[in-house]
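In what follows, a structure is listed as C-alpha cells, so that the remarks can point back to it.
All of the numbers you see were taken from the coordinates with simple rules; none came from a lab. What you are looking at is a predicted structure, and each value in this text was computed from that prediction instead of being measured. Backbone-built Cβ (ideal geometry, glycine too); neighbour counts: all protein chains shown.
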Amino acid sequence: MKRVIILGATGSIGTQTLDVIKNFRDNFKVVGLTAYNNVDLLAQQIEEFNPEVVAVKDENKAYKLKAKINKNIEILTGQKGLQNIVEYEADLVVVAVEGIAGLLPTVKAIERGKDIALANKEVLVTAGKIVMDLAKKKKINFLPVDSEHSAILQCLRGNDKKEISRLILTASGGPFRGMKYEDLKKVTVEQTLRHPNWKMGKKITVDSATLMNKGFEVIEAKWLFDISEDKIDVIVHPQSIIHSMVEYIDGSVIAQLATADMRIPIQYALNYPTRNYINGINFLDFSITTQLTFEKPDLETFRCLSLAYEALKIGGTMTTVLNAADEIAVSLFLNKKIEFLQIAEIIEESMKEHNNIQNPTLDDIINVDKEVKEKIAKKYMR
Ligand code: NDP
Ligand code: MG
C-alpha cells in the first residue's frame with residue numbers, strides 16, 4: 001500500500017488525482033490533503049478518503065473546516081502547515097499546489113526521502129538545479145505529472161539517454177493560435193480562458209494562451225531530463241494527441257499518444273513503473289482521429305516562449321524573475337488591469353531590470369520572487 005500526501009487536493013490536478021486513486025483503493029492510502037480556501041470541498045474529501053492530517057490557508061479556514069467535519073483529525077495551517085504536512089509518514093507526495101508555495105514543501109519532502117509526483121511548475125522553473133541535485137542525492141523517484149514530461153519519460157523507457165538527439169515538446173497553440181500581434185491587442189479574459197483542448201486552473205490556462213506554459217515546460221524538461229536547452233524543441237500540434245516525443249541519434253522518433261485527459265499522466269506517476277486501467281478513460285480511436293498536424297510556434301507574436309528560452313540561457317535567478325513577473329502579470333490581466341500583450345512586456349521589463357544571481361540559494365530564490373512581485377504590483381496596482 002502506497003501512502004500518499006496530496007498538496008493542492010482541491011485544485012484541478014488534486015481532484016483528478018483523487019479520482020484516479022478511487023480506482024486503486026487497495027493500492028493507495030491517502031495520508032494527507034491540503035486546500036487553501038476551498039474548505040467545503042476539502043470537508044467532502046475528508047469524509048471520502050479519511051486522511052490523518054490536512055492543511056488549510058489559516059486559522060479562520062481551520063475553524064470553518066472543523067465546523068463541517070465529524071472527524072477528529074489534525075488540521076495544520078499556513079505556509080508552515082504546508083511544509084509540516086510532508087513530515088507525516090508517506091511514500092509519495094503529489095505536489096499540485098499553484099505557485100511558489102510548492103517549492104519549500106517539495107524540498108522538505110525530498111529531504112525526508114519521499115518520492116515526488118510533480119505538477120507544480122514553479123518548483124523546477126525557479127529551483128530546478130537545487131531540487132534535482134537533491135533528488136539525485138536522496139535517490140528518490142522524481143516523477144512528472146505534466147502530460148508533456150510524462151510523455152517524454154515514457155518515450156525514454158528502455159533507451160540509453162546518451163542516444164537522445166532532441167526532446168520535442170508539443171503545444172496545442174492555445175485559443176489564439178494563428179493570430180498576429182495586431183489581433184491580440186484586444187483579446188478579452190473570457191476568450192483567453194477558452195482553451196481548446198484542456199480544462200485547467202485559470203493561471204495555467206492564460207499561460208497556455210501566451211505560450212509561457214510551454215516556456216516553463218522547456219525549463220522543466222532541461223532539469224528533469226538533464227539535457228541542454230538547445231536540444232529541446234517546441235512544435236505546435238493543435239490536436240493534443242501526441243503529448244511529446246524523443247528523437248534519437250539514428251533518426252528514430254518515439255512519441256506518446258493518448259486522449260487529452262490528465263488522469264492518464266497522473267495514473268502513470270502514481271503507479272510508476274507500472275501502468276493500470278482507470279475507469280472512464282477514453283481510448284484513442286484512429287478511425288475518428290484521422291489528422292495529426294504540426295506547425296512551428298510563432299515566436300515573434302508569442303514572445304513569452306522566447307523570453308523563457310532567454311531566461312534559461314542566462315540561468316541563475318533569471319528564471320525566477322520570468323516566473324514571478326508572469327504570475328503577477330497574469331493576475332493583473334485576469335483582474336482586467338492590463339491587456340493581454342502587456343503580460344510579455346512586463347516580464348521582459350522585469351528581466352532587463354534584474355541583477356542576476358548565478359548560483360542562488362533557496363533563500364535567494366524566495367527573495368527574488370518576492371521583490372519582483374512587489375515591484376510590479378506597486379507599479380500597476382494603483
Ligand atoms: P488549481 O488552481 O485548480 O488548484 C490549485 C490548488 O492549490 C488548489 O488546491 C488551491 O487551493 C491550492 N493553492 C492555491 N494557492 C495556494 C497557496 N498559496 N498555498 C497553498 N495552496 C494553494 O490549479 P491546477 O490544479 O490547474 O494546477 C496546479 C499546478 O499544476 C499548477 O502549478 C499548474 O501549473 C500545474 N499543472 C496543471 C495542469 C492541469 O491540467 N491543470 C497540467 C500541468 C501542470 P484552494 O482551491 O482550496 O484555494
Ligand atoms: Mg503541459
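One table, with the values for the structure above:
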{"read-out": "Total charge dipole magnitude, the range 2-144, about the Cα centre, Cβ charges on Lys, Arg, Asp, Glu only, Debye to nearest 20", "value": "300"}
{"read-out": "Value of relative contact order over the chain, rounded to a whole percent, pairs C-alpha under 8 Å and six or more apart", "value": "15"}
{"read-out": "Simple Cβ-charge dipole of the range 193-269, Lys/Arg +1 and Asp/Glu -1, about Cα centre, in debye nearest 20", "value": "580"}
{"read-out": "Gain in span if fully extended, residue 160 to residue 306, counting 0.36 nm per residue against the direct Cα distance", "value": "49.6 nm"}
{"read-out": "Segment residue 314-residue 64, length gained on full extension (0.36 nm per residue, minus Cα span)", "value": "85.4 nm"}
{"read-out": "Simple label model, 7 Å out from Cα along Cβ direction - residue 137 to residue 47, nm", "value": "4.5"}
{"read-out": "Signed unit charges on C-beta, dipole axis of the range 149-314, positive-most listed residue 201, 270, 255", "value": "201"}
{"read-out": "Translational diffusion of the range 77-149, µm² s⁻¹ [Kirkwood Rh, Cα pairs; Stokes-Einstein; 20 °C; 1.002 mPa s]", "value": "178"}
{"read-out": "Selection from 237, 381, 50 lying farthest towards where the dipole of the chain points positive, charges on Cβ", "value": "50"}
{"read-out": "Quotient of C-alpha Rg and 2.2 N^0.38 Å, computed over the range 2-144", "value": "0.98"}
{"read-out": "Theoretical FRET efficiency, 1/(1+(r/R0)^6), r = Cβ-Cβ of residue 250 and residue 24, R0 35 Å, to 0.05", "value": "0.40"}
{"read-out": "Cα gyration tensor shape of the range 93-236, rounded if a/c is under 1.5, else prolate or oblate by comparing a/b with b/c", "value": "oblate"}
{"read-out": "Which listed pairs, of 61/373; 337/378; 202/296; 108/139; 68/202; 203/337, have C-alpha distances above 18 Å, in listed order", "value": "61/373; 202/296; 68/202"}
{"read-out": "Extension gain from residue 73 to residue 358, taking 0.36 nm per residue of separation minus the Cα-Cα distance", "value": "98.2 nm"}
{"read-out": "Two-decimal Rg to Rh for the chain - Kirkwood Rh, Cα set", "value": "0.95"}
{"read-out": "Beta bridges by DSSP in the chain, antiparallel share as percent, to the nearest 5", "value": "30"}
{"read-out": "Most positive-pole-ward Cα, 284, 124, 39, against dipole of the chain from beta carbon charges", "value": "39"}
{"read-out": "Mean Cβ count within 10 Å, highest first, over the residues of peptides 316-328, 216-228, 276-288", "value": "316-328, 216-228, 276-288"}
{"read-out": "Most fluctuating residue given options 14, 158, 173, as computed from a GNM of the chain linking Cα atoms under 10 Å", "value": "158"}
{"read-out": "Highest-MSF residue in the chain out of 110, 130, 69 [GNM, Cα springs under 10 Å]", "value": "69"}
{"read-out": "Exceeding the 30 Å Cα-Cα cut-off - candidates 71/121; 114/336; 121/231", "value": "71/121; 114/336"}
{"read-out": "Over the range 231-325: Kirkwood hydrodynamic radius from C-alpha pairwise inverse distances, Å", "value": "16.5"}
{"read-out": "Neighbour cut-off at most 14 other Cβ (10 Å), DSSP loop, trypsin sites (Lys or Arg not before Pro), the range 33-73", "value": "71"}
{"read-out": "Under the Debye formula (equal points on every Cα, no solvent term), log10 I(q)/I(0) of the range 149-314 at q = 0.16, 0.18 Å⁻¹", "value": "-1.02, -1.27"}
{"read-out": "Test item: Cα-centred dipole of the chain, Lys/Arg +1 and Asp/Glu -1 on Cβ, debye", "value": "760"}
{"read-out": "Two-decimal log10 I(q)/I(0) for the range 147-205, as the Debye equation yields it once each C-alpha is a single scatterer, q = 0.18, 0.19 Å⁻¹", "value": "-0.76, -0.80"}
{"read-out": "Shape of the range 241-290, Cα gyration tensor, a/c cut at 1.5", "value": "oblate"}
